[in-house]
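Trainee: My questions will all concern the structure given below.
The values are calculated or read from the model by the stated rules, or taken from the named source; none is laboratory data. The model shown is predicted, which means the values in this text are computed figures rather than measured ones. All Cβ positions, glycine included, derive from the backbone under ideal geometry; neighbour counts span all protein chains shown.
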Amino acid sequence: MMSRTYFKNLNKGVKYMLIASFTFAIMGAFAKLASVSMSSLEVVFFRNIAGVLIVGFAILKKPMRHVGGKPLLLFFRGFIGFIALLAFFYNIAHISLGDAMTYSKTSPIFTAIFAFLFLQEKLSAKAWGAVFIGFIGILFITQPSELGFTKYDVLGVFSGVGAALAYTSVRELKSYYDTRAIVLSFMLVGTIGPIVLFLISPYLDAPELDFLLGEFVMPQGIVWFYVICMGVFATISQLLMTKAYGETKAGIVGAVSYTNILFSIMVGVMLGDSLPSLASSFGILLIVFAGILVAKTK
């Protein structure tokens, strides 16, 4: 009873982000279940085609108005976001849900670096300290051996780097394009890209690039349920995140978003994932701490 009252009294933005973090973890669970029957490439295809239909309908109802003028940057935002999403869903299929989500949540750390390099945004000493702590956290999670990092480590870090590059480009693009055009660039590339890769996959023999390749297999039975639920929960998460940032300061909302890692670990364990090791748990805490520090400096 007390916890229900406490939740009611929470700031609206915090509430929205808490629910968004939970629904995003559920989306990851359905993506993991769907990945048993189809390639990560196909999972990304279905994830994005739902978004194209929703955004396309919104544009039909209210046409876009913007000045434009940055087509290459718009394409780059879509392309790098698509490749990062491929890496993210590939990891969801092959490693624990909690670890896959943690890697993706390194994006604020890399966004701070890219904003400094490309947008000339100043970073305080505290922000640089947060970046350093974040990298230490990544090392605790990856735990590189004498052979170096695993494929999942590399793709996991890339999912964070790619997302950060996409977010950094959005900061520039929002001065030139309608928000829906920016989202649609990502969704369209994420829909057309898989079709192109489906067509060329039979002619490529590159096991190390299997996260980019795949055969289209028409979903059957329960898999349709997984795919539809993945699209629904992804859309709900996106809407709630947008509402959260509209209600509360970005720093607060960004910090609350890290509850997604906890929810993902819990949901992953229900699907059969093992709990994170002591070293991984410490790395997760460092990444969360670094992300919150970066959020607070903004």
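Trainee: Looking at region 85-125, which of the residues that are small (Gly, Ala, Ser) and surrounded by fewer than 22 Cβ atoms within 10 Å (Cβ to Cβ) is nearest to Ser159 (Cα to Cα)?
Mentor: Taking the candidates together, the pick is Ala93.
Trainee: Check region 8-18 and report whether any residue there is in a helix (DSSP H, G or I), buried (at least 18 other Cβ atoms within 10 Å of the Cβ) and either touching a Lys or Arg at 6+ places or on another chain (Cβ under 7 Å) or at pLDDT 95 or above (or both).
Mentor: Looking through region 8-18, at least one residue is in a helix (DSSP H, G or I), buried (at least 18 other Cβ atoms within 10 Å of the Cβ) and either touching a Lys or Arg at 6+ places or on another chain (Cβ under 7 Å) or at pLDDT 95 or above (or both).
Trainee: What's the total number of residues in region 207-235 that are within 18 Å of Thr179 (Cβ to Cβ) and either touching a Lys or Arg at 6+ places or on another chain (Cβ under 7 Å) or modelled with pLDDT of 85 or more (or both)?
Mentor: So the count comes out to 1.
Trainee: Out of Val223, Val217, which single residue is crowded, with 16+ Cβ neighbours inside 10 Å, more than 21 Å from the chain's Cα centre (by Cα), touching a residue at least 40 places away in the same chain (Cβ under 8 Å) and farther than 24 Å from Ser21 by Cβ?
Mentor: The match here is Val223.
Trainee: Identify all residues within region 178-206 that are farther than 21 Å from Ile26 by Cβ, surrounded by 15 or more Cβ atoms within 10 Å (Cβ to Cβ) and at pLDDT 90 or above; write none if there are none.
Mentor: Of everything in region 178-206, those that are farther than 21 Å from Ile26 by Cβ, surrounded by 15 or more Cβ atoms within 10 Å (Cβ to Cβ) and at pLDDT 90 or above turn out to be Leu188, Val189, Thr191, Ile192, Gly193, Pro194, Leu197, Phe198, Ser201.
Trainee: Taking the options Ile261, Ile236, name whichever one is under 23 Å from Thr111 (Cβ atoms), within 21 Å of the chain's Cα centre (by Cα) and in contact (Cβ under 8 Å) with a residue 24 or more places away in the chain.
Mentor: Selected residue: Ile261, the only one of Ile261, Ile236 that is under 23 Å from Thr111 (Cβ atoms), within 21 Å of the chain's Cα centre (by Cα) and in contact (Cβ under 8 Å) with a residue 24 or more places away in the chain.
Trainee: Kindly evaluate Val217 against the criterion of being among the β-branched types (Val, Ile, Thr) and in contact with a Pro (Cβ under 8 Å, 6 or more places away or on another chain).
Mentor: no
So that you can scan it fast, the table gives a plain yes or no per residue for (1) closer than 24 Å to Phe211 by Cα; (2) modelled with pLDDT of 85 or more; (3) not aliphatic (A, V, I, L, M):
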| position | (1), (2), (3) |
| --- | --- |
| Ala50 | yes, no, no |
| Ile54 | no, no, no |
| Lys61 | no, yes, yes |
| Leu73 | no, yes, no |
| Arg77 | yes, yes, yes |
| Gly81 | yes, yes, yes |
| Ala84 | yes, yes, no |
| Phe88 | yes, yes, yes |
| Tyr103 | yes, yes, yes |
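Trainee: Which of the following residues is surrounded by 17 or more Cβ atoms within 10 Å (Cβ to Cβ) and in contact with a Leu (Cβ under 9 Å, 6 or more places away or on another chain): Gly134, Gly160?
Mentor: After applying the criteria, what remains is Gly134.
Trainee: Right, here's the next one. Does region 35-73 hold any residues that are hydrophobic (A, V, I, L, M, F, W, C), in contact with a Ser or Thr (Cβ under 7 Å, 6 or more places away or on another chain) and surrounded by 21 or more Cβ atoms within 10 Å (Cβ to Cβ), and which are they?
Mentor: Correct list: Val43, Phe45.
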